[in-house]
Amino acid sequence: AIQTFGDDDTITNGIFAGPLPLFKLKGTYKWLAFRSRLEFDFNDVEAFGVYTPELPDPLKSILGLKVEGKEYNKQPAFNFIAVDDKVLVARGAGGGVALWVREDEA
């Protein structure tokens, strides 16, 4: 999986086969510096590079997309534990641990 965080508060999370995107989630994030916490919502999905405009709410829930008018039990988030110029380690709101490794740009 590859995640990107834009300067415009956008986030993407995708699964790729080499350079080809198989599945991508897109949304927004909010950085809470005083808590070292990243909160996010995924609103859109792409499959094989094609944007999927409107999905039924039950399918949105299964894919982890934000459903308008529905509150989360827990806001999707990561609480960062360790950070340096190559690695990020965080604990997810659901209790899992996430590890990111910076890729060198080609």
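The values are calculated or read from the model by the stated rules, or taken from the named source; none is laboratory data. Note that this is a predicted model, so its numbers are computed, not measured. Methodologically, a virtual Cβ is constructed for each residue, glycine included, from the backbone with ideal geometry; neighbour enumeration extends over all protein chains shown. Surface accessibility is based on the protein's heavy atoms, side chains included, excluding ligands, DNA and RNA. Shrake-Rupley method; radii C 1.70, N 1.55, O 1.52, S 1.80 Å.
Checking the structure you have, find out if any residue of segment 42-52 is closer than 27 Å to Arg91 by Cβ and in contact (Cβ under 8 Å) with a residue 24 or more places away in the chain.
Checked against the condition, which is being closer than 27 Å to Arg91 by Cβ and in contact (Cβ under 8 Å) with a residue 24 or more places away in the chain, segment 42-52 yields at least one hit.
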Working only within segment 1-15, note down all residues that are open to solvent by 70 Å² or more (accessible area, probe 1.4 Å) and not β-branched (Val, Ile, Thr).
Ala1, Phe5, Asp7, Asp8, Asp9
Exactly one condition in (1) within 15 Å of the chain's Cα centre (by Cα); (2) closer than 18 Å to Glu103 by Cα is not met by Tyr29; state its number.
(2)
In the list Asn43, Asn79, which residue meets the criterion of being open to solvent by less than 80 Å² (accessible area, probe 1.4 Å), out of contact with any His (no Cβ under 6 Å at 6 or more places or on another chain), at pLDDT 90 or above and not hydrophobic (A, V, I, L, M, F, W, C)?
Asn79
When segment 4-41 is examined, which residues are found to be in contact with an Asp or Glu (Cβ under 8 Å, 6 or more places away or on another chain), of a type in the set (Phe, Trp, Tyr) and over 17 Å from Ala90 (Cβ atoms)?
Phe23
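Each row is one residue, and each column tells you yes or no for (1) among the acidic types (Asp, Glu); (2) surrounded by fewer than 16 Cβ atoms within 10 Å (Cβ to Cβ); (3) in contact with a Lys or Arg (Cβ under 7 Å, 6 or more places away or on another chain).
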site: Lys26; (1), (2), (3): no, no, no
site: Leu32; (1), (2), (3): no, yes, no
site: Pro53; (1), (2), (3): no, yes, no
site: Leu59; (1), (2), (3): no, yes, no
site: Glu71; (1), (2), (3): yes, yes, no
site: Gln75; (1), (2), (3): no, yes, no
Residues being free of Cβ contacts under 8 Å to residues at least 40 places away in the same chain and not in a loop (DSSP other than H, G, I, E, B): count how many of those fall in segment 53-80.
7
What single numbered condition from (1) at pLDDT below 80; (2) open to solvent by 70 Å² or more (accessible area, probe 1.4 Å); (3) aliphatic (A, V, I, L, M) fails to hold for Val67?
(2)
